[in-house]
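> Let me begin by handing over the structure; questions about it come next.
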Amino acid sequence: MSSDPKNILLVEDDQKTAQALKRGLMMEGYQVSLSFSGAAGLARIRTEPFDLLVLDWMLPEKSGIEVLQSVRNAGMTVPTLLLTARDTIEDRVQGLDCGADDYLVKPFAFAELLARIRSLLRRAVPVVKSGLQGGNLHLDLPSRRAWQAHQEIMLTPREFDVLVYLLQNEGQMVTRQMMAQNIWREPNRATSLDNVIDVHIGRLRKKLDGDSSEHLIRTVRGVGFLFTRSYLS
């Protein structure tokens, strides 16, 4: 860990589990704050800076999903990992649609939690210059902000990473395997990760295209994705 430890907020109503996770994370060099209800967690998020949120889905007062929706509706893009016993594809999609950057199903190994946290905290795409331009789309890499036609687009950290990677490979085919390796840092892609990638692509399309018939991100069935400045369906 660096000399500047990352500050994590863990919102988990099972106090025994929360304290055990806190001890483990602090041994890894992280600073960890705890909240035991959704309402308490949201109050802290609104008043304190955090580098990462770890939210349990089932929380008293406000669910993890409700907390996450409030965070995203307020324009906050802090990386967020959702913990839950729900493991259907529909549940995963709901969590990601509400703004989660990653999703971890209980029970999980602590080593996997650490790997997910490291992945979310690390900037997946190297910053090699200050900005990227694609048509009327502009990305400022140091501030990790995006604009389209001079209007800012609110992106989660993972959405920003995906868009940067697509712009850096403009006009070239990007496969799910490439995205798994270079964005999620997963060398061996699992089918469940394909679903996560597709959800992020779908969310980006909604934010970039709206109701327009012009698509910046094209799907090539069975192959992957292609970023083009002007593709008409």
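> Give me the dipole magnitude in Debye, nearest 20, for the chain about the Cα centre, with unit charges on the beta carbon: positive for Lys and Arg, negative for Asp and Glu.
460
> What is the angle, in °, between the Cα long axis of helix 157-168 and the longest principal axis of the Cα atoms in the chain? Nearest 10 is fine, range 0 to 90.
It works out to around 20 degrees.
> What distance in nm separates the simple spin-label points at Gln31 and Ile89, each placed 7 Å from Cα in the Cβ direction?
So the label points at Gln31 and Ile89 sit 4.2 nm apart.
> Here is a follow-up. If only Cα atoms are counted, what is the Rg of the chain, and what is its Dmax, in Å?
In order Rg, Dmax, the Cα atoms of the chain give 17.8, 54 Å.
> Pull up the cross-link candidates among the lysines for Lys22, meaning alpha carbon to alpha carbon under 28 Å and not fewer than 8 places away within one chain.
Leaving aside lysines fewer than 8 places away in the same chain, those within reach of Lys22 are Lys6, Lys62, Lys106.
> By how many nm would the segment from Asn73 to Met154 grow when fully extended, if each residue of separation counts as 0.36 nm and the alpha-carbon distance is taken off?
Stretched out fully, the Asn73 to Met154 stretch lengthens by 28.2 nm.
> List the aspartates and glutamates whose alpha-carbon lies under 13 Å from that of Lys206, not counting same-chain residues fewer than 8 positions away?
Qualifying aspartates and glutamates at Cα under 13 Å: Asp97, Glu159, Asp198, Glu214.
> May I ask you to derive the relative contact order of the stretch 1-121, considering only C-alpha pairs under 8 Å and at least 6 residues apart, and to give it as an integer percent?
Relative contact order, the stretch 1-121: 22 percent.
> For the stretch 7-121, what class follows from the C-alpha gyration tensor (a ≥ b ≥ c being the square roots of its eigenvalues): rounded when a/c is under 1.5, otherwise prolate if a/b is larger than b/c, else oblate?
In terms of gyration-tensor shape, rounded.
> Tell me, what HN-Hα J-couplings in whole Hz come from the Karplus equation 6.51 cos²θ - 1.76 cosθ + 1.60 at θ = phi - 60° for each residue of the stretch 99-104, using x for Gly and Pro?
Those phi angles translate into x, 5, 8, 7, 8, 10 Hz.
> Please turn the phi angles of the stretch 5-22 into ³J(HN,Hα) values with the Karplus equation 6.51 cos²θ - 1.76 cosθ + 1.60 (θ = phi - 60°), one per residue in order, whole Hz, x for glycine and proline.
These are the phi-based 3J(HN,Hα) values: x, 7, 9, 10, 9, 9, 10, 8, 7, 7, 5, 5, 5, 4, 5, 5, 5, 4 Hz.
> Further question on the same structure: What does the charge add up to near Ala20, with Lys and Arg as +1, Asp and Glu as -1, over the other residues with Cβ less than 11 Å from its Cβ?
Residues close to Ala20 contribute a combined charge of +1.
> Would you mind calculating the relative contact order of the chain from Cα pairs under 8 angstrom and at least 6 residues apart, reporting the percent as a whole number?
13
> Now, a different point. Based on the mean of other Cβ atoms within 10 Å per residue, sort peptides 104-112, 91-99, 169-177, 77-85 so the most packed one is first.
77-85, 91-99, 169-177, 104-112
Any read-out appearing in this document is the output of simple, stated calculations on the displayed coordinates, not a laboratory observation. These numbers were taken from a predicted model, which means no experiment stands behind them. Virtual Cβ from ideal backbone geometry, glycine too; neighbours counted across all protein chains shown.
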